[in-house]
Amino acid sequence: MSDIRNDGSAVAGSAAASPGGELFSEERSADVVAASFADTPDSRLREVLTALTRHLHEFIKEVELTEEEWTTAIEFLTATGQKCDPVRQEFVLLSDVLGVSMLVETINHRAGGGTESTVLGPFHMVESPERELGANIALDGKGEACLVTGTVTDPTGKPLPRALIDVWQANEDGFYDVQQPELQPERNLRGLFSADDEGQFWFRSIVPRYYPIPTDGPVGSLLAATRRHPIRPAHMHFIVTAPGHRPVTTHLFVADSPYIDSDAVFGVKESLVRQFPLVDDPTRAAELGLANPFRTVHFDVALLPLSAAEAQGAGHVDLEDRP
Ligand SMILES: [Fe+2]
């Protein structure tokens with residue numbers, strides 16, 4: 001803005017909210033309020049607050065917000081805060097359904113030849129148990145059996161041995177283990193795998209089901225009022241890490257899942273959608289210890305090398321080194 005110097009200090013005689021400065025007016029409201037942040041020592045905080053003020057005022061002027069609407073907005077945000085507790089974060093949910101979570105994620109993790117990222121989601125709340133390659137993470141044996149395979153490489157295709165693959169997913173009814181502690185075994189459908197010397201990983205699981213995000217709070221009311229459904233298409237969560245490379249937090253989406261084109265949190269990226277072909281091969285099924293027929297899916301993951309700056313202080317922990 002013209003009346004704030006690059007160093008953030010207010011230019012003498014410019015608009016300011018301090019005594020003697022420019023008084024508030026409809027026309028100059030954003031400038032007057034933005035100028036009040038001119039002495040903020042933290043330049044990033046000043047930049048963010050100034051831009052926030054400008055966009056917020058522009059938005060209110062564009063829609064000519066009524067007092068009743070303002071009250072409704074305050075009550076909505078109050079209710080959103082009051083819905084939060086140690087296991088429920090309604091503000092994150094609000095960020096999700098407004099596409100803010102995905103935008104922040106996308107801006108901060110531009111793929112650049114690596115596997116695209118997507119939202120972490122709220123269900124990585126417990127540590128995935130270490131499992132051997134090939135293990136079956138469907139501890140209760142319920143659901144349509146699926147063999148998951150893939151290779152972790154760099155963007156040139158060079159394998160990354162001992163990459164860590166952290167996986168978690170919903171069951172055939174669309175629930176995570178932590179949502180059904182009475183019904184599902186602890187750490188059901190979760191696993192932490194260490195890739196082999198060729199960067200390959202494989203494990204057994206089931207095909208996950210689509211599921212709704214929580215709708216019993218203000219965000220659910222928002223979705224209902226706007227005739228939006230709360231469903232996320234079927235997916236498996238992955239966090240993949242390897243020494244010297246940028247970790248990726250991503251999903252593997254089931255291609256033929258309902259709602260694949262209308263994820264409530266906008267998490268779907270085309271590059272992350274895979275077919276889960278059906279295999280009818282009793283011999284192979286018996287070898288794998290799976291019911292026949294079974295599904296398969298292949299998901300290769302490419303990690304970007306860390307820049308020199310990123311490499312400093314970035315740590316990778318091998319399974320053997322974990323506490
Ligand atoms: Fe999920």
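When you scan the stretch 240-258, how many residues do you find that are under 20 Å from residue 122 (Cβ atoms) and in a loop (DSSP other than H, G, I, E, B)?
2
In the list 81, 141, which residue meets the criterion of being closer than 19 Å to residue 174 by Cα and surrounded by fewer than 17 Cβ atoms within 10 Å (Cβ to Cβ)?
On inspection, the qualifying residue turns out to be 141.
Hey, among 149, 106, which residue is hydroxyl-bearing (Ser, Thr, Tyr), surrounded by fewer than 17 Cβ atoms within 10 Å (Cβ to Cβ) and not in a loop (DSSP other than H, G, I, E, B)?
Being hydroxyl-bearing (Ser, Thr, Tyr), surrounded by fewer than 17 Cβ atoms within 10 Å (Cβ to Cβ) and not in a loop (DSSP other than H, G, I, E, B) holds for just one of 149, 106, which is 149.
Can you spot a residue in the stretch 34-45 that is part of a helix (DSSP H, G or I) and surrounded by 13 or more Cβ atoms within 10 Å (Cβ to Cβ)?
yes
Can you find even one residue in the stretch 190-209 that is more than 28 Å from residue 304 (Cα to Cα), within 16 Å of the ligand (Cβ to nearest atom) and of a type in the set (Lys, Arg)?
Yes, the stretch 190-209 contains at least one residue that is more than 28 Å from residue 304 (Cα to Cα), within 16 Å of the ligand (Cβ to nearest atom) and of a type in the set (Lys, Arg).
Considering the stretch 161-182 alone, what residues qualify as being assigned to a loop (DSSP other than H, G, I, E, B) and at negative phi?
The answer is 161, 163, 170, 171, 172, 173, 175, 176, 180, 181, 182.
Taking the conditions exactly as written (within 14 Å of the ligand (Cβ to nearest atom), assigned by TED's automatic domain parsing to the domain that holds residue 262 and modelled with pLDDT under 95), does residue 179 satisfy them or not?
Yes.
With the structure loaded, tell me whether residue 166 is touching a residue at least 60 places away in the same chain (Cβ under 8 Å) and over 17 Å from residue 252 (Cα atoms) or whether it fails that test.
no
If you go through the stretch 138-176, how many residues are within 14 Å of the ligand (Cβ to nearest atom) and under 30 Å from residue 306 (Cβ atoms)?
4
For the stretch 108-137, which residues satisfy the criterion of being within 16 Å of the ligand (Cβ to nearest atom) and more than 16 Å from residue 271 (Cβ to Cβ)?
120, 121, 122, 123, 124, 125, 126, 128, 137 - these are the residues of the stretch 108-137 that are within 16 Å of the ligand (Cβ to nearest atom) and more than 16 Å from residue 271 (Cβ to Cβ).
So which residues in the stretch 210-220 are without any contact (Cβ under 8 Å) to a residue 60 or more places away in the chain and away from the ligand (no atom under 12 Å from the Cβ), if there are any at all?
The answer is 215, 216, 220.
Spot the failing condition for residue 197; the list is (1) assigned to a loop (DSSP other than H, G, I, E, B); (2) out of contact with any Pro (no Cβ under 8 Å at 6 or more places or on another chain), and only one is missed.
Status for residue 197: all satisfied but (2).
Just for the stretch 240-274: of the residues that are farther than 12 Å from residue 299 by Cβ and of a type in the set (Lys, Arg), which one is surrounded by the most Cβ atoms within 10 Å (Cβ to Cβ)?
Among residues in the stretch 240-274 that are farther than 12 Å from residue 299 by Cβ and of a type in the set (Lys, Arg), the one surrounded by the most Cβ atoms within 10 Å (Cβ to Cβ) is 246.
May I ask you to list the residues in the stretch 218-239 that are assigned to a loop (DSSP other than H, G, I, E, B) and buried (at least 18 other Cβ atoms within 10 Å of the Cβ)?
Scanning the stretch 218-239 gives 230, 233, 234.
The values are calculated or read from the model by the stated rules, or taken from the named source; none is laboratory data. Model, not experiment: these values are computed from the prediction. Please note: Cβ atoms are built from the backbone with ideal geometry, for glycine as well, and neighbour counts cover all protein chains shown.
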